[in-house]
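The values are calculated or read from the model by the stated rules, or taken from the named source; none is laboratory data. Given the structure is predicted, the values throughout are model-derived calculations rather than measurements. Backbone-built Cβ (ideal geometry, glycine too); neighbour counts: all protein chains shown.
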Amino acid sequence: MQLTLRRGSGVPLYRQVADQIRALVRSGALPAGGRLPTVRRLAADLGLTRLTVQSAYADLQAQGLIESFVGRGTFVATRSPALPAVSVPNAPQAPLSWISQGDFAELGRLTDGPSLLSLAHAVPAPETYPGRELGRALRAALDDPAALSYGPMQGEVALRDQMSRLLLDRGIAVAPDGVVITSGAQQGIDLILRTLAAPDEVVLIEEPTYPGAIELAARRGQRLVGIPRDADGLSLAALEAACRLYHPRLLYLVPAFHNPTGASLSAEQQQGLLRLATAHDLLLIEDDVYGLLAYDAPAPAPLRAIVDAARIVYITSFSKVLAPGLRLGAVVAPAEYVPLLVAARHSNDLISSPLLQRALADYLARGSLHAHLQAVRQLYRERRDAMLSALERFLPDCDWTTPGGGLNVWVRLPPGVSERDFCLAAIARGVAVAPGKAFFARPRDRASMRLSFGAHPPQQITRAIALLGAILHDEQRGRTEALARAGREAHPLV
Ligand SMILES: Cc1ncc(COP(=O)(O)O)c(C=O)c1O
């Protein structure tokens, strides 16, 4: 077994050993049932103390990846631990009338349609896409034939350099070498889940959370454990309980302008979370795709800016702040993980387009993003305010979040309302919303929906929410009448 240790890298040695064995198990290089070296042997081979190797083995054992038998030795586990995976249908399905738990693609099928006014997608306003500037940058990039060739696996140097500067705006100091360019944040999440977690490992998520992360983990067979998150933040008590029960290694979260609630963790919550992460040796996957879209006050600092860099894998992208069709994002990971992520990316789709990367780097080098951000923040603030006033006016029986940034408002429908009936009725009448179900790994009782305000002007947002109000009103009247009828038809028990 070939393991390489980087002393002084900031990542504890036992963690380095555990990570590399995990990667070998995941790749099949260490097959199920395969024997691992004894603690004594591995410690001697690597020049480590036995305690360090024992800690690595204990970590892997707690995750159900290896098993130890007294007198026989330590083996790669052959059985999976008890918690069931979220099941996701494998084959594409015919158009469905409703969505399955954990199937992100179905959400698209349900809510996309040329005639729908869609509040279902967290997308920027198309009229803000900087087509002219990017056009110029693309033409300039084409002067160098390298733009149409294969480029560096980790991403174009010019773009990594610009990312390193841009991240300073979020308080993150990282050299270009620590940045991996990805095809959007989605690929960043995928690479991390493929590289740093075993196929059947427990992965902690916030609930509700971004459905794309639920689906990725579920499709790999990873077992999702949800930690409640609402407008008040993340339940640290539930997180602590989950850490004690499952000894997880990864928590995926969106601390700033969370999808779907739009809420951000307070400084106090961040500190509590970081304390728990340290105590339970959790690696935090911080998804910060909305971090640059703050409307009222400066955005909260990302966790990556306030804690030991070895504890965070940070993800960002240009999809929400600029244009999702660029398909460009980045992961900032501890140095240990960079080669693993790059190799995983390479085996997936080799590289992101050098042409687009160079054009984006040029756009950023000209400082164009700052002006763009100023304009879109103003625009989205107006749209958010229009949505909040319309909710007040047309859906007073619901409760909702008041996001300070991002693109989403989370709305809870009154108790007793069927989420399925409500969302399908809205779609039938021309307004698409994202059903709450999509944001949970497991079924929940209370009906909810995510409304995204980025893509439509205030009048359209108001019109869409007025229609949702009318549907809810009809639904509630229908239910009251049905109850009254049932009351009239009931005979007293004598
Ligand atoms: C929290 C979060 N992460 C990741 C993504 C995917 O982003 P990208 O388009 O950069 O892949 C989204 C898109 O909605 C998101 O809301």
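Could you grab me the full set of residues in region 105-127 that are within 16 Å of the ligand (Cβ to nearest atom), under 20 Å from Val376 (Cβ atoms) and of a type outside the set (A, V, I, L, M)?
Ser118, His121, Pro124, Pro126
All but one of (1) more than 22 Å from Arg15 (Cβ to Cβ); (2) away from the ligand (no atom under 16 Å from the Cβ) hold for Thr195; which doesn't?
Of the numbered conditions (1) more than 22 Å from Arg15 (Cβ to Cβ); (2) away from the ligand (no atom under 16 Å from the Cβ), the odd one out for Thr195 is (1).
Scanning for something part of a loop (DSSP other than H, G, I, E, B), hydrophobic (A, V, I, L, M, F, W, C) and touching a residue at least 60 places away in the same chain (Cβ under 8 Å), does region 128-141 turn up at least one residue?
So far as region 128-141 goes, no, none of its residues is part of a loop (DSSP other than H, G, I, E, B), hydrophobic (A, V, I, L, M, F, W, C) and touching a residue at least 60 places away in the same chain (Cβ under 8 Å).
Given the structure, is Ser87 within 28 Å of Gly212 (Cβ to Cβ), at pLDDT below 95 and either away from the ligand (no atom under 16 Å from the Cβ) or outside any loop (DSSP other than H, G, I, E, B) (or both)?
Yes.
Kindly list, by first and then second residue, each pair from a residue in region 175-186 that is at pLDDT 95 or above to a residue that is β-branched (Val, Ile, Thr) and within 15 Å of the ligand (Cβ to nearest atom), limited to pairs with Cβ atoms under 6 Å and residues at least 6 apart or on different chains.
Gly178/Val332; Val179/Val332; Val180/Val331; Thr182/Val331; Ala185/Val289; Ala185/Ile315
Only one of (1) on the phi < 0 side of the Ramachandran plot; (2) in contact (Cβ under 8 Å) with a residue 24 or more places away in the chain is not met by His370, so which one is it?
Failed condition: (2).
What is the one condition in (1) away from the ligand (no atom under 14 Å from the Cβ); (2) assigned to a loop (DSSP other than H, G, I, E, B); (3) touching a Leu at 6+ places or on another chain (Cβ under 9 Å) that Asp281 does not satisfy?
(3)
Consider Ala486 against the criteria (1) touching a residue at least 12 places away in the same chain (Cβ under 8 Å); (2) more than 28 Å from the chain's Cα centre (by Cα): it satisfies all of them except one. Which criterion is unmet?
The number of the failed condition is (1).
When the residues of region 198-219 are filtered to those that are of a type in the set (Asp, Glu) and modelled with pLDDT of 95 or more, which remaining residue is farthest from the ligand (Cβ to nearest atom)?
In this case the residue turns out to be Glu207.
When you check Leu224 against the structure, is it over 25 Å from Ala120 (Cβ atoms), within 16 Å of the ligand (Cβ to nearest atom) and assigned to a strand (DSSP E or B), yes or no? I'd like the intermediate steps shown before the answer.
Values: over 25 Å from Ala120 (Cβ atoms): no; within 16 Å of the ligand (Cβ to nearest atom): yes; assigned to a strand (DSSP E or B): yes.
So Leu224 fails the test.
Hey, among the residues in region 183-207 that are part of a loop (DSSP other than H, G, I, E, B) and either touching an Asp or Glu at 6+ places or on another chain (Cβ under 8 Å) or not hydrophobic (A, V, I, L, M, F, W, C) (or both), which one's surrounded by the fewest Cβ atoms within 10 Å (Cβ to Cβ)?
Filtering region 183-207 for residues that are part of a loop (DSSP other than H, G, I, E, B) and either touching an Asp or Glu at 6+ places or on another chain (Cβ under 8 Å) or not hydrophobic (A, V, I, L, M, F, W, C) (or both), the one surrounded by the fewest Cβ atoms within 10 Å (Cβ to Cβ) comes out as Pro199.
Give me a count of the residues in region 345-363 that are more than 16 Å from the ligand (Cβ to nearest atom) and assigned to a helix (DSSP H, G or I).
Selection size over region 345-363: 9.
Kindly indicate whether any position in region 313-335 is more than 19 Å from Leu360 (Cβ to Cβ) and either of a type in the set (D, E, K, R) or without any contact (Cβ under 8 Å) to a residue 40 or more places away in the chain (or both).
No; the residues of region 313-335 include none that is more than 19 Å from Leu360 (Cβ to Cβ) and either of a type in the set (D, E, K, R) or without any contact (Cβ under 8 Å) to a residue 40 or more places away in the chain (or both).
I want to confirm something. Restricting to region 160-177 and keeping residues that are within 16 Å of the ligand (Cβ to nearest atom) and farther than 18 Å from Asp308 by Cα, which single residue is surrounded by the most Cβ atoms within 10 Å (Cβ to Cβ)?
Among those residues, the one meeting the criterion is Met163.
Of all residues being of a type in the set (Val, Ile, Thr) and buried (at least 19 other Cβ atoms within 10 Å of the Cβ) in region 276-296, which is nearest to Leu204 (Cα to Cα)? Just the residue, please.
The qualifying residue nearest to Leu204 (Cα to Cα) is Ile285.
Scan region 416-424 and give yes if some residue there is at pLDDT below 95, closer than 28 Å to Leu216 by Cβ and aliphatic (A, V, I, L, M), otherwise no.
Looking for residues that are at pLDDT below 95, closer than 28 Å to Leu216 by Cβ and aliphatic (A, V, I, L, M), one finds at least one in region 416-424, hence yes.
Condition test on Val180, is it outside any loop (DSSP other than H, G, I, E, B), touching a Gly at 6+ places or on another chain (Cβ under 8 Å) and within 16 Å of the ligand (Cβ to nearest atom)? Walk me through it before giving the result.
Working: outside any loop (DSSP other than H, G, I, E, B): yes; touching a Gly at 6+ places or on another chain (Cβ under 8 Å): yes; within 16 Å of the ligand (Cβ to nearest atom): yes.
Taking the combined requirement at face value, the residue satisfies it.
On the basis of being closer than 16 Å to Ile471 by Cα and crowded, with 20+ Cβ neighbours inside 10 Å, does Ala390 make the cut? So that I can check it myself, show each step before the final result.
On the way: closer than 16 Å to Ile471 by Cα: yes; crowded, with 20+ Cβ neighbours inside 10 Å: yes.
Answer is yes for this residue.
All but one of (1) within 30 Å of Ala140 (Cα to Cα); (2) modelled with pLDDT of 95 or more; (3) surrounded by fewer than 23 Cβ atoms within 10 Å (Cβ to Cβ) hold for Asn348, so report the exception by its number.
Only one criterion in (1) within 30 Å of Ala140 (Cα to Cα); (2) modelled with pLDDT of 95 or more; (3) surrounded by fewer than 23 Cβ atoms within 10 Å (Cβ to Cβ) is unmet by Asn348, namely (2).
Filter region 297-325 for residues that are part of a loop (DSSP other than H, G, I, E, B) and surrounded by fewer than 18 Cβ atoms within 10 Å (Cβ to Cβ); which is nearest to the ligand (Cβ to nearest atom)?
Checking each candidate, the answer is Ala301.
With within 30 Å of Tyr129 (Cα to Cα) and in a helix (DSSP H, G or I) as the only criterion, which of Leu451, Leu391, Leu424 stands out?
Going through Leu451, Leu391, Leu424 in turn, just one is within 30 Å of Tyr129 (Cα to Cα) and in a helix (DSSP H, G or I): Leu391.
Look at Gly329 and say whether it is over 30 Å from Ala238 (Cβ atoms) and within 15 Å of the ligand (Cβ to nearest atom). Steps first, answer last, please.
Working: over 30 Å from Ala238 (Cβ atoms): no; within 15 Å of the ligand (Cβ to nearest atom): yes.
Considered against the rule, which asks whether it is over 30 Å from Ala238 (Cβ atoms) and within 15 Å of the ligand (Cβ to nearest atom), Gly329 comes out as no.
Tally the residues that are surrounded by fewer than 20 Cβ atoms within 10 Å (Cβ to Cβ), touching a strand residue (DSSP E or B) at 6+ places or on another chain (Cβ under 9 Å) and not in a loop (DSSP other than H, G, I, E, B), restricting the search to region 247-275.
4
Residue under question is Asp397, and the condition is that it be more than 16 Å from the ligand (Cβ to nearest atom), outside any helix (DSSP H, G or I) and charged (D, E, K, R); does it hold?
Here the answer is yes, as Asp397 does meet what is asked.
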